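Here the structure is laid out as structure tokens; the discussion comes afterwards.
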Amino acid sequence: MSSTGDAPVPPPQPSLQPNALSPNGASTNGLPSSVFTLPQTAQLEALYTIIRDKDTSRGDFLFYSDRIIRLLVEEGLNHLPVVQKSVITPTGSTYDGVGFEGKICGVSILRAGEAMEAGLREVCRSVRIGKILIQRDEETMQPKLFYSKFPQDIAKRYVLLLDPMLATGGSAIKAVDVLMENGVPEDRIIFINLISSPEGLKTFSGKFPRLKVITGWIDQGLNEKAYIIPGLGDFGEPVSRVATSCLNLHTVLVFTLRYYSSLACFVYCSKLTLDVTSIIIIYNKGLCT
């Protein structure tokens, strides 16, 4: 027990695990100007410390990661164009402000990106959301599109592309290619993620220099298995465990469809609506053959 004469302990500062963009980071050289990070505060580092801890409970992981996601979405909205807008206040006065130019939508890269949708909806009421499923082709070892579903007018919207982790950048690059093939201009896409590697940022931004990236933290780099270090593991795992626990396999009807020469599963349930993450889980667990 400390004595009354001891000085109070100062609050922790975000310098123990420096962001790679910070002055103390080791990977600042060559990062593009299109990359933006959240303000590196002690509170933000505390949130990342919680979700990186392997002993953090699933509930805490979801709660604190959702806090970070909301901050990222708010920062992403700061980069959308605005137009002058005047309104009448309750006092009868005129206020000259601004409003967003055009409509937005979110697009999540499955499966982990789907975990960011709730945070987006909490910030943007009634936002439209599309989905992209990209997996590695076992023959070519390249990212391959397996499924996509977008709002019909996506080409006229600003797109917030959602994926928690940017490692090598392969899946994110493929997702942007798909969006651009559907008529979305490069400069109307904002990529939002929690943790990035310097290698992935350089590759991704080199491919799409007009596309802005909003990331919460830039880690040290990739290991020999292309995992982000220190990272936080598989971001989608806690969410997938929740989805798996909700499945009632006795009420699930499964049928298959060949899509891009690959077997894709579509699941319908008579008592509950299963999202695409649940479909992927069933497929990966071998329940679809």
message: Let me spell it out: the conditions are (1) modelled with pLDDT under 90; (2) open to solvent by less than 30 Å² (accessible area, probe 1.4 Å); (3) touching a strand residue (DSSP E or B) at 6+ places or on another chain (Cβ under 8 Å), and GLY119 meets all of them except one. Which number is the exception?
response: (3)
- prompt: Is it the case that some residue within segment 146-157 is free of Cβ contacts under 8 Å to residues at least 40 places away in the same chain and either of a type in the set (A, V, I, L, M) or out of contact with any helix residue (DSSP H, G or I) (no Cβ under 9 Å at 6 or more places or on another chain) (or both)?
  reply: yes
- prompt: Failed condition for PRO10, given (1) modelled with pLDDT of 90 or more; (2) in a loop (DSSP other than H, G, I, E, B), with all others met?
  reply: (1)
- request: Check segment 75-93 and report whether any residue there is among the charged types (D, E, K, R) and open to solvent by 70 Å² or more (accessible area, probe 1.4 Å).
  value: yes
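Going through SER126, SER196 one at a time, which residue ends up being open to solvent by 40 Å² or more (accessible area, probe 1.4 Å), small (Gly, Ala, Ser) and either within 17 Å of the chain's Cα centre (by Cα) or under 30 Å from PRO39 (Cα atoms) (or both)?
Numbers: SER196 fails: open to solvent by 40 Å² or more (accessible area, probe 1.4 Å).
None of the other options fit; the residue is SER126.
Any chance segment 156-173 includes a residue that's in a strand (DSSP E or B) and either open to solvent by 20 Å² or more (accessible area, probe 1.4 Å) or over 20 Å from VAL73 (Cα atoms) (or both)?
Let us first name the residues in segment 156-173 that are in a strand (DSSP E or B), namely 158-162, 165-166.
With the extra rule that they be either open to solvent by 20 Å² or more (accessible area, probe 1.4 Å) or over 20 Å from VAL73 (Cα atoms) (or both), the set shrinks to 158, 165.
Within segment 156-173 (the criterion being in a strand (DSSP E or B) and either open to solvent by 20 Å² or more (accessible area, probe 1.4 Å) or over 20 Å from VAL73 (Cα atoms) (or both)), the answer is yes, since at least one residue qualifies.
Per-residue answers, yes or no, for (1) modelled with pLDDT under 90; (2) more than 30 Å from GLU199 (Cβ to Cβ); (3) not β-branched (Val, Ile, Thr):
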position: THR4; (1), (2), (3): yes, yes, no
position: PRO14; (1), (2), (3): yes, no, yes
position: PRO32; (1), (2), (3): yes, no, yes
position: PHE61; (1), (2), (3): no, no, yes
position: GLU75; (1), (2), (3): no, no, yes
position: ILE88; (1), (2), (3): no, yes, no
position: TYR95; (1), (2), (3): no, yes, yes
position: VAL107; (1), (2), (3): no, no, no
- prompt: What number of residues within segment 28-84 are of a type in the set (D, E, K, R) and touching a Phe, Trp or Tyr at 6+ places or on another chain (Cβ under 8 Å)?
  reply: 1
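The values are calculated or read from the model by the stated rules, or taken from the named source; none is laboratory data. It should be emphasised that the depicted structure is a prediction, and the values quoted were computed from it without experimental measurement. Neighbour counts run over all protein chains shown; Cβ positions are idealised from the backbone, glycine included. For accessibility, only protein heavy atoms count, side chains too; no ligands or nucleic acids. Shrake-Rupley method; radii C 1.70, N 1.55, O 1.52, S 1.80 Å.
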